[in-house]
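The next block holds one structure in the form of structure tokens; read it before the comments.
The values are calculated or read from the model by the stated rules, or taken from the named source; none is laboratory data. Predicted, not measured: the structure shown is a model, and the values here were computed from it. Heads up, the Cβs are rebuilt from the backbone with ideal geometry, glycines too, and the neighbour counts pull from every protein chain shown.
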Amino acid sequence: MKLRTALAATVACTALAGAAFAESHGGYKIGITQNNVGVDSYQTTYEQAFIAAAEANDMVDTVVLDAGGDVARQIAQVEDLIQQEVDAIIIWPTNGEAVIPAVRKAHKAGIPVIVTNSNIAEQGFEFVASFSGPDNITQGSRAAEIMCDKFKDMGIETEARVVQISGQPGYTTAIERAKGFEDRLPEVCPEVTLVETQPGDWNREKSQKVMEAFLVKYDDIDGVYAGDDNMGVGALNAAKAADREGIIFVGATNFSVGYEAMERGEYWGSIYQSPVDDAEAALQTAIDVLEGKEVPFLNYFDTPKITQDNMGDYTKPVF
Amino acid sequence: MQAGTLSTFLKRGAIWGFIVLELIFFTVAGEFLSLSETAFMDAGNMLLLFKQSAPIGIIAMGMTIVMINGNIDLSVGAIYALCAVVLLDSMTWPMLAGLGDAAIPLAWALALLTGVALGALNGLIVWKTGVDAFIVTLGSMLGYRGLVFMYNGEQPTSHLNWTLVDFAEAQFLGLHTATWFLLVVTAAIWFLMNKTVHGRNAYAIGDNREAAVNAGIRVGPHMMINFMIIGFLAALSAVVFYSESGSVNPNDGELYELWVITAVVLGGTKLTGGAGSIVSTFGGVVAIQLLRKGLAHIGADTSTVNLVIGLILIAVLFLDRQLNVKGKEELKI
């Protein structure tokens with residue numbers, strides 16, 4: 001029996017020891033609590049890129065945590081980071097409102113907080129040093145430019161008709177990507193008309209149904225703008241099933257399905273958002289804040305245009 | 001020495017021994033591996049430990065009674081989320097919003113009432129249909145979660161009230177509000193299980209339901225009361241936690257039932273019922289949170305945390321089984 005006790009204890013100990021790894025040397029101590037690593041490859045790649053960027057930089061030591069999508073765990077992690085007296089905290093919010101009190105706690109403890117990827121609600125802005133992430137409005141307006149340029153190439157910029165499939169109603173990301181597109185399109189192509197907008201809820205099947213309805217309703221559709229490539233490809237599938245050719249598909253964020261459709265020549269373009277850029281921008285923002293540099297409150301990283309013409313410059317998205 | 005005394009002692013003490021082992025390991029390993037200059041056993045860190053144990057811990061107390069009863073409740077995570085929605089949303093109802101901060105106790109009461117009602121529904125179905133609690137609460141887990149999603153779709157339900165946050169973040173005698181709730185609940189349930197007829201009946205029913213019926217215990221209503229208690233505690237856990245965070249995602253509390261059951265089983269409660277202790281459950285809750293906190297402290301990869309908890313759970317159950325076999329053998333002599 002004693003032996004068994006010892007055995008069980010050893011198992012536990014080995015498991016604990018095996019899990020342990022870390023390094024410690026001087027410089028800034030930065031803690032990050034991520035939303036849910038492993039739920040999709042964007043977040044997984046983000047974490048790897050973040051760790052790689054931190055290791056390449058001798059000035060920083062990082063504590064990398066993952067909330068597993070659980071708000072309670074994320075709040076506990078922020079409390080732990082405050083307790084460990086890190087120099088800065090980077091947070092990828094699991095819930096843009098639930099983390100505000102935890103962020104306030106860090107702010108009260110004198111630790112600057114950098115929000116990454118998706119921002120927290122406005123009530124929490126006063127406790128945040130900076131937001132680092134993609135600019136959804138720019139993504140939307142660049143998608144409008146891609147579409148307009150293509151229409152000009154085709155010589156139909158005076159009469160083209162466009163439909164829009166937007167993201168889930170109520171989501172800031174969806175609202176901003178739609179706004180960016182709707183504001184920019186009349187500026188670059190004033191004679192192109194946006195005939196209708198319907199939500200596709202970030203869902204490929206839903207978007208396919210929305211597009212089917214559009215195709216029945218309108219005989220002449222020249223372009224489709226989708227809030228992301230997932231929805232764009234859903235719309236593409238609907239057009240292929242209905243044998244409607246010559247429609248220009250543009251998305252606001254490039255996914256691997258969109259990239260593949262571009263390779264096949266069926267999908268025109270999108271906006272390239274790299275999780276590696278996202279992670280590196282977050283770390284750099286934290287370092288800049290700690291060094292006392294002037295950092296804009298909304299610190300966006302660049303999301304370039306990708307079309308069939310220049311797609312060779314970009315690797316296929318991992319998500 | 002009476003036969004089996006040692007193994008009983010080991011069984012009772014195992015969880016505390018494990019906690020001591022964790023503390024020693026993380027203190028030593030933390031010296032070498034942690035980026036933090038503060039020690040793992042730092043008082044502030046230990047106070048946070050209890051506070052962070054509260055959401056799971058409060059529910060685990062209820063789960064201990066239900067499991068001693070020979071039942072199980074898988075719907076606690078969904079009840080937790082639904083009560084959180086009621087708590088936060090009710091404060092925005094025109095009727096309550098006009099009251100200002102006086103709406104807070106009313107919102108609390110509504111959330112707790114919701115928890116009791118949902119628990120009572122579980123209990124009533126178990127009592128009246130005789131279907132196994134596992135199946136009944138599996139159904140209600142899905143059903144209650146469905147209600148959460150029907151309430152506000154995929155969107156979070158939010159209401160940030162700084163008075164409420166300040167109350168939840170307050171520290172009285174050094175302990176956080178959440179810790180006080182956990183301690184009071186633990187004491188109350190300990191009293192219920194050890195000093196009242198209801199508690200003794202719970203053990204009797206779990207040990208041998210037929211004998212309990214023959215002894216004149218009204219098993220059905222008894223079990224229903226226990227389901228109402230765990231419903232109440234799931235709601236209380238939500239009240240304590242969401243007073244501080246002010247926004248609930250529709251998938252919050254998912255997998256809570258599994259963490260709660262893990263903590264209870266680590267504390268030595270039998271899945272078959274009839275045996276278990278509130279104080280050991282408290283140990284189980286602390287052990288899990290300590291492990292999470294410790295692994296984060298020494299910079300372990302987050303994905304290994306679940307693996308380690310899983311391994312330890314199996315090791316504990318294995319140990320427990322071995323000790324029980326030994327105890328029975330020795331009784332025969």
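Brief remarks on what is shown
- Within the stretch A:25-35, considering residues that are crowded, with 16+ Cβ neighbours inside 10 Å and over 13 Å from residue A:282 (Cβ atoms), the one nearest to the other protein chains (Cβ to nearest Cβ): A:29
- Selection of the stretch B:163-186 for residues being within 13 Å of another protein chain (Cβ to nearest Cβ), of a type outside the set (Val, Ile, Thr) and surrounded by 14 or more Cβ atoms within 10 Å (Cβ to Cβ) yields B:164, B:167, B:168, B:169, B:176, B:178.
- A Cβ distance below 8 Å, combined with a sequence gap of six or more or placement on separate chains, defines the contacts here; from the stretch A:37-49, residues that are within 12 Å of another protein chain (Cβ to nearest Cβ) and hydrophobic (A, V, I, L, M, F, W, C) reach residues that are assigned to a helix (DSSP H, G or I) and surrounded by fewer than 19 Cβ atoms within 10 Å (Cβ to Cβ) in the pairs A:37/A:44; A:37/B:303.
- Among residues of the stretch B:228-256, those that are more than 10 Å from chain A (Cβ to nearest Cβ) and either touching an Asp or Glu at 6+ places or on another chain (Cβ under 7 Å) or not in a helix (DSSP H, G or I) (or both), counted: 2
- Among (1) modelled with pLDDT of 90 or more; (2) crowded, with 22+ Cβ neighbours inside 10 Å, the one test that residue A:242 misses: (2)
- Only one of the listed residues (B:18, B:50) is within 13 Å of another protein chain (Cβ to nearest Cβ), closer than 29 Å to residue B:226 by Cβ and at pLDDT below 85. That residue is B:18.
- Between A:58, A:87, A:66, the distinction of being facing chain B (nearest Cβ under 10 Å) and acidic (Asp, Glu) belongs to A:66 only.
- One residue stands out in the stretch B:129-142 among those that are small (Gly, Ala, Ser) and surrounded by 14 or more Cβ atoms within 10 Å (Cβ to Cβ): the one that is nearest to the other protein chains (Cβ to nearest Cβ), namely B:140.
- Strands (runs of 3 or more DSSP E) contained in the stretch A:212-317 and holding at least 3 residues closer than 30 Å to residue A:112 by Cβ: A:298-300
- Given (1) over 19 Å from the mean Cα position of the chain (by Cα); (2) surrounded by 13 or more Cβ atoms within 10 Å (Cβ to Cβ); (3) under 30 Å from residue B:280 (Cβ atoms), index of the condition residue B:103 fails: (3)
- Here the stretch A:157-178 is the region considered, the condition is being of a type in the set (A, V, I, L, M) and outside any loop (DSSP other than H, G, I, E, B), and the residue that is surrounded by the most Cβ atoms within 10 Å (Cβ to Cβ) is A:165.
- Check on residue A:224, β-branched (Val, Ile, Thr), closer than 19 Å to residue A:258 by Cα and crowded, with 20+ Cβ neighbours inside 10 Å: yes
- Selection status of residue A:179, among the basic types (Lys, Arg) and in contact (Cβ under 8 Å) with a residue 24 or more places away in the chain: yes
- Scope the stretch A:95-114; condition at the interface with chain B (Cβ under 7 Å from one of its Cβ atoms) and touching a strand residue (DSSP E or B) at 6+ places or on another chain (Cβ under 9 Å); matching residues: A:95, A:97, A:98, A:100
- Selection within the stretch A:304-317 - surrounded by 13 or more Cβ atoms within 10 Å (Cβ to Cβ), farther than 16 Å from residue A:249 by Cβ and either at pLDDT 90 or above or over 18 Å from the mean Cα position of the chain (by Cα) (or both): A:304
- Residues within the stretch B:39-90 that are in contact (Cβ under 8 Å) with a residue 40 or more places away in the chain and outside any helix (DSSP H, G or I), tallied: 8
- Qualifying residue in the stretch B:154-164 (condition: assigned to a helix (DSSP H, G or I), over 30 Å from residue B:71 (Cα atoms) and of a type in the set (A, V, I, L, M)): yes
- Any chance residue A:266 is acidic (Asp, Glu), under 30 Å from residue A:52 (Cα atoms) and in contact (Cβ under 8 Å) with a residue 24 or more places away in the chain: no
- Residue match in the stretch B:33-47 (condition: farther than 28 Å from residue B:254 by Cβ, among the hydroxyl-bearing types (Ser, Thr, Tyr) and buried (at least 21 other Cβ atoms within 10 Å of the Cβ)): yes
- Condition met for residue B:262 (among the hydroxyl-bearing types (Ser, Thr, Tyr), more than 12 Å from every other protein chain (Cβ to nearest Cβ) and not in a loop (DSSP other than H, G, I, E, B)): yes
- Answer from A:96, A:124 - the residue that is assigned by TED's automatic domain parsing to the domain that holds residue A:73, over 12 Å from residue A:78 (Cα atoms) and buried (at least 22 other Cβ atoms within 10 Å of the Cβ): A:124
- Selection from the stretch A:49-63 of residues that are of a type outside the set (Gly, Ala, Ser), under 15 Å from residue A:32 (Cβ atoms) and over 19 Å from the mean Cα position of the chain (by Cα): A:55, A:57, A:60, A:61, A:62, A:63
- Set side by side, the residues A:66, A:58, A:87 differ, and just one is at pLDDT 85 or above and under 18 Å from residue B:298 (Cβ atoms), which is A:66.
- Any hit, the stretch A:138-156, residues being touching a residue at least 24 places away in the same chain (Cβ under 8 Å), within 27 Å of residue A:50 (Cβ to Cβ) and either within 14 Å of another protein chain (Cβ to nearest Cβ) or surrounded by fewer than 22 Cβ atoms within 10 Å (Cβ to Cβ) (or both): yes
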